[in-house]
1. Here are the criteria: (1) part of a loop (DSSP other than H, G, I, E, B); (2) touching a residue at least 40 places away in the same chain (Cβ under 8 Å); (3) over 21 Å from A:THR101 (Cβ atoms). Tell me which single one A:ASP2 does not satisfy.
2. Tell me, yes or no, whether segment B:6-16 has at least one residue that is buried (at least 19 other Cβ atoms within 10 Å of the Cβ), within 19 Å of B:ALA190 (Cβ to Cβ) and within 16 Å of the ligand (Cβ to nearest atom).
3. Quick check on this structure: which one of B:GLY49, B:GLY80 is surrounded by 20 or more Cβ atoms within 10 Å (Cβ to Cβ), more than 11 Å from chain A (Cβ to nearest Cβ), touching a Pro at 6+ places or on another chain (Cβ under 8 Å) and within 26 Å of B:LYS193 (Cα to Cα)?
4. Within segment B:83-115, can you find the residues that are without any contact (Cβ under 8 Å) to a residue 12 or more places away in the chain and either under 21 Å from B:ALA55 (Cα atoms) or within 12 Å of chain A (Cβ to nearest Cβ) (or both)?
5. Hey, does segment B:162-172 have a residue that's touching a helix residue (DSSP H, G or I) at 6+ places or on another chain (Cβ under 9 Å), in a strand (DSSP E or B) and either more than 14 Å from every other protein chain (Cβ to nearest Cβ) or away from the ligand (no atom under 16 Å from the Cβ) (or both)?
6. Look through B:GLN85, B:GLN110, B:GLN24, B:GLN35 and report the one residue that is closer than 17 Å to A:ALA75 by Cβ and either out of contact with any Gly (no Cβ under 7 Å at 6 or more places or on another chain) or buried (at least 18 other Cβ atoms within 10 Å of the Cβ) (or both).
7. Counting only residues that are in contact (Cβ under 8 Å) with a residue 60 or more places away in the chain and either within 14 Å of chain A (Cβ to nearest Cβ) or farther than 30 Å from A:ASP40 by Cα (or both), how many does segment B:22-46 have?
8. Picking from A:PHE129, A:PHE123, which residue would you name as being part of a strand (DSSP E or B) and either touching a residue at least 24 places away in the same chain (Cβ under 8 Å) or surrounded by fewer than 18 Cβ atoms within 10 Å (Cβ to Cβ) (or both)?
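No lab work stands behind these numbers, since they all come straight from the coordinates. Quick caveat, the model's predicted, so the values are computed rather than measured. All Cβ positions, even for glycine, are placed from backbone atoms using ideal geometry, and neighbour counts span all protein chains on display.
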Protein chains: 2
Amino acid sequence: MDLSLHVLVDPFALSEESLRSGVQAIALGGATVVQMRSKDRSTRELIDGGRMLKALCQKYGLAFIVNDRVDVALALGADGVHVGQDDMPVSMVRTLASQLTVGLSVSSLQEVLAAEASPPDYFGMGPVFATASKSDAGPAVGTSKLREWTRVAQAMAPVVAIGGISLENAGAVWQCGVNGIAVISAVWQAADKQEACRRLREH
Amino acid sequence: MDLSLHVLVDPFALSEESLRSGVQAIALGGATVVQMRSKDRSTRELIDGGRMLKALCQKYGLAFIVNDRVDVALALGADGVHVGQDDMPVSMVRTLASQLTVGLSVSSLQEVLAAEASPPDYFGMGPVFATASKSDAGPAVGTSKLREWTRVAQAMAPVVAIGGISLENAGAVWQCGVNGIAVISAVWQAADKQEACRRLREH
Ligand code: NI
């Protein structure tokens with residue numbers, strides 16, 4: 001899986017038309033992974049909302065990853081699942097669904113080191129910068145720690161930086177040696193999503 | 001699986017000691033199934049909270065069923081999963097986890113009939129009576145419709161009545177010909193939980 005550019009998508013925050021044109025634009029711009037993340041939705045809603053997003057990802061050659069929910073990932077035939085520290089442990093995901101690529105959120109060096117017994121396929125590390133998108137994301141890590149922790153983590157798995165990454169600061173994040181970056185508003189609030197993705201990948 | 005008496009349990013609503021003594025008491029009183037149901041908990045909390053409840057059920061010979069979450073049911077090695085109309089469709093649960101007993105909530109004749117293409121292992125039918133436990137449960141079905149729908153449903157799978165069932169009205173529910181009843185407050189608010197279960201089974 002090419003981890004270069006993850007775009008987080010909440011299919012319920014967008015009209016069907018915006019979702020279609022948005023996924024096409026980010027694919028053309030060089031996004032490689034879509035992660036579906038929705039809060040407070042029923043299992044049925046996640047499956048129904050995810051079905052269309054999954055189909056769009058397939059059409060445009062993007063990997064499709066589901067946040068938190070292994071059951072929804074399996075139901076949708078997703079490529080992977082992204083788990084946080086409050087979600088299912090990586091070792092348990094491996095047992096239940098060995099076919100899934102597993103991403104793990106880490107926001108401290110301690111969490112990186114704790115992953116050693118059962119490392120994920122990639123780390124989601126952050127929040128690099130302060131962000132309004134995820135109020136429970138904790139304090140910003142900053143580029144200096146990101147660089148340090150990335151070196152430690154990469155002995156186990158590649159690192160995708162996340163949290164407050166914009167067109168302006170993406171270059172500084174890439175310089176930390178990460179394998180990929182993940183964005184939300186940098187793409188979804190851009191007028192030209194294709195161009196935003198292209199520029200986010202520059203480094 | 002003996003469906004006679006389901007007791008719904010939220011492990012986060014009880015102290016560890018109350019959970020231990022409560023599960024022992026209901027088992028001695030004749031409960032046969034525990035269904036874990038918790039709202040607004042992270043996946044990790046559900047797994048950690050469920051682990052102890054599952055162990056207690058195993059110790060006392062109770063079947064252990066998880067509400068909604070197929071991933072949590074699989075992670076815990078539960079006997080089954082109970083899905084509502086907003087949860088994963090029964091057919092999908094069968095595909096992902098054929099080993100699980102699957103219960104399906106129905107609250108109308110239409111929902112009973114819609115289950116024909118992929119029937120559950122049991123129906124949870126209700127709410128029989130008005131209930132404060134589940135504010136989103138819809139209007140009370142009443143014993144007259146419960147009796148009618150039960151006959152239709154039983155051509156597909158056994159029926160467990162749920163919703164507002166108490167020591168006082170349980171006899172009238174059993175007279176509708178159901179295969180089992182499910183309770184929450186009738187047990188958890190009883191001073192003597194063992195005796196409450198014993199009396200709920202009388203018919
Ligand atoms: Ni009987």
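1. Checking A:ASP2 against (1) part of a loop (DSSP other than H, G, I, E, B); (2) touching a residue at least 40 places away in the same chain (Cβ under 8 Å); (3) over 21 Å from A:THR101 (Cβ atoms), the one that fails is (3).
2. Within segment B:6-16 (the criterion being buried (at least 19 other Cβ atoms within 10 Å of the Cβ), within 19 Å of B:ALA190 (Cβ to Cβ) and within 16 Å of the ligand (Cβ to nearest atom)), the answer is yes, since at least one residue qualifies.
3. It is B:GLY49.
4. Across segment B:83-115, the qualifying residues are B:ASP86, B:MET92, B:THR95, B:GLN99.
5. No: zero hits.
6. B:GLN85
7. Within segment B:22-46, residues that are in contact (Cβ under 8 Å) with a residue 60 or more places away in the chain and either within 14 Å of chain A (Cβ to nearest Cβ) or farther than 30 Å from A:ASP40 by Cα (or both) number 8.
8. Result of the check over A:PHE129, A:PHE123: A:PHE123.
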